[in-house]
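In what follows, a structure is listed as structure tokens, so that the remarks can point back to it.
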Amino acid sequence: MSAAKARVGILISGRGSNMQALVEAAQAADYPARIAVVASNRPDAPGLQTAAALGVRAVAVDHRPFGDDREAHEQALDAALREAGAEVIAMAGYMRVLTPWFVNAWAGRMINIHPSLLPAYPGLRTHERALEAGDAEAGCTVHEVTLGVDQGPVLGQARVPVLPGDDAGSLAARVLEAEHALYPQVLAEFCRALRQ
Ligand code: GRF
């Protein structure tokens, strides 16, 4: 990759608060990446409006017309990302499991944020499971995306305490704040390393 800023595509399915944190961080002159496009599989994802309001190209690649053909959907997604010049992908609340075709196409250039201290609690309901287990700490992980869901090499983690009286909502809010600090930092490190 050239010495210029890495061009990043962000994948979302919903709210997009992590996407917003990345876009805002990338506004700094010395940030090593710029956000080339935000893409969602859901045309109604609120994050698409947020991205557009922030001046970032926002595209929907609806999965529904593709039915069960997940790879065909991801080929369309891939085309939209490449058309926007994306070289790196940051998944930020993208709620579909990617096919091996897509994962292989972006191998070594795709990262994800997950709301638990992996390898604990891959998958969904992370905060509920941390509370049920009586954990004293929770947190978030940024990892490389590989074929095993939520199993790629860990690039960074942030920890928060579980406080007395926490429910899944209060814990999720505390973890989300940590996500917004962690993700821009790890994306920057990842893009700098790709340039070496
Ligand atoms: C975050 O908790 C993220 O870790 C998980 O999905 C959630 C997305 O939230 N993968 P947002 O869309 O970034 O606000």
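The values are calculated or read from the model by the stated rules, or taken from the named source; none is laboratory data. This one's a predicted model, so the numbers in the text were calculated from it and none came from an experiment. Please note: Cβ atoms are built from the backbone with ideal geometry, for glycine as well, and neighbour counts cover all protein chains shown. Heads up: the accessible areas ignore ligands, DNA and RNA and are worked out on the full protein's heavy atoms, side chains in. Shrake-Rupley method; radii C 1.70, N 1.55, O 1.52, S 1.80 Å.
Points to keep in mind about this one:
- Of the set (1) loosely packed, with under 15 Cβ neighbours inside 10 Å; (2) modelled with pLDDT of 95 or more, all apply to GLY93 but (1).
- Test: residue in region 169-189 that is assigned to a loop (DSSP other than H, G, I, E, B), open to solvent by 30 Å² or more (accessible area, probe 1.4 Å) and away from the ligand (no atom under 12 Å from the Cβ): no
- When the criteria are applied in full, PRO32 fails the requirement of being over 16 Å from LEU81 (Cβ atoms) and either within 15 Å of the ligand (Cβ to nearest atom) or open to solvent by 20 Å² or more (accessible area, probe 1.4 Å) (or both).
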